[in-house]
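> Next up is a structure, given as structure tokens.
The values are calculated or read from the model by the stated rules, or taken from the named source; none is laboratory data. All values reported here derive from a predicted model rather than from experimental measurement. Because the Cβ atoms are built from the backbone with ideal geometry, glycine has one as well, and the counts that use them run over all protein chains shown.
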């Protein structure tokens, strides 16, 4: 059977099962819980897709916090390269990432890999729940990986800084899309960060709207229709995505790419970085 296509953004359970023994494949378990930092590794130890390695959102897929750069600052690229090498990843490795929340956390790894210039990465559509429901295959074995020789290349992912977002407030040249739930966006309920509300002019599209009820992604056609209506004549390269800490916003970047609308940027620090400086403006309510 042919290898998984390197350009495929989504891989089905059936496709992954047929390629579990591919030499140039690395499966990464990115299960996580924002309210329980150890939940992901416990879930991995209890059972994971055979051959999968574990990626911790806090440990491997985020950098050091300094009190001003948000809850999940981007890791140093050199550190991320070392992590990839430790997972046995090379330039020709096809990465398949999954979690238990419809790609909420796996999309962070997708974005980071492409930030390092690596195109060969896909999400497992439906994640762990669909995998186990359809296959009943689970392993507690931690794979031993030969060290890879991965090297970063030109980034494939636009990145916006807090200064970029501040400038866009005055110029109005970009649309800011907030991927948090509507309650958090409106400032009615804030379970994680010390300040409630949203960045002025930001529009709200919760990341969950990218999914079907079974946690698989909506079709590219459906996503394209929804995003095109939301963008209202703006082009994808005029869009910046944010969330609470720069993790779930990657889901919306992924969804736009899946819809054939590439080029949108991620505001890496997102809301948690924005509110670290209390002089930055905050608004509440249904719209700005």
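> Would you pick out the residues in region 25-41 that are out of contact with any helix residue (DSSP H, G or I) (no Cβ under 8 Å at 6 or more places or on another chain) and either outside any loop (DSSP other than H, G, I, E, B) or surrounded by fewer than 17 Cβ atoms within 10 Å (Cβ to Cβ) (or both)?
Restricting attention to region 25-41, the residues satisfying the condition of being out of contact with any helix residue (DSSP H, G or I) (no Cβ under 8 Å at 6 or more places or on another chain) are 25-26, 34-41.
Within region 25-41, 25, 26, 35, 36, 37, 38, 39, 40, 41 meet the criteria.
> Let me ask something else. Could you please find all residues in region 198-233 being part of a loop (DSSP other than H, G, I, E, B), closer than 24 Å to residue 159 by Cα and either without any contact (Cβ under 8 Å) to a residue 60 or more places away in the chain or in the same structural domain as residue 104 (by TED's automatic domain parsing) (or both)? I'd like the intermediate steps shown before the answer.
Within region 198-233, the first condition is being part of a loop (DSSP other than H, G, I, E, B), and the residues that meet it are 199-202, 205-206, 212-216, 218-219, 232-233.
So of that shortlist, the ones also closer than 24 Å to residue 159 by Cα come out as 199-202, 205-206, 232-233.
205, 206, 232, 233, listed by residue number.
> From 6, 75, grab the single residue that is part of a loop (DSSP other than H, G, I, E, B), at pLDDT 95 or above and under 27 Å from residue 92 (Cα atoms). First the steps, then the outcome.
Details: 6 fails: at pLDDT 95 or above.
It is 75.
> Shifting gears a bit: For region 43-51, indicate whether the set of residues that are at positive phi, surrounded by fewer than 16 Cβ atoms within 10 Å (Cβ to Cβ), in contact with a helix residue (DSSP H, G or I) (Cβ under 9 Å, 6 or more places away or on another chain) and modelled with pLDDT of 95 or more is non-empty.
yes
> Please work out which residue is nearest to residue 267 (Cα to Cα), limiting yourself to region 191-203 and to residues that are within 21 Å of the chain's Cα centre (by Cα) and either at pLDDT below 95 or surrounded by fewer than 20 Cβ atoms within 10 Å (Cβ to Cβ) (or both). Step through it out loud before you land on a result.
The first filter runs over region 191-203 and keeps only residues within 21 Å of the chain's Cα centre (by Cα), leaving 191-193, 198-199, 202-203.
Of the ones still in play, those that are also either at pLDDT below 95 or surrounded by fewer than 20 Cβ atoms within 10 Å (Cβ to Cβ) (or both) are 191-193, 203.
Working: 191: 21, 192: 18, 193: 17, 203: 14 Å.
Filtering first and then ranking leaves 203.
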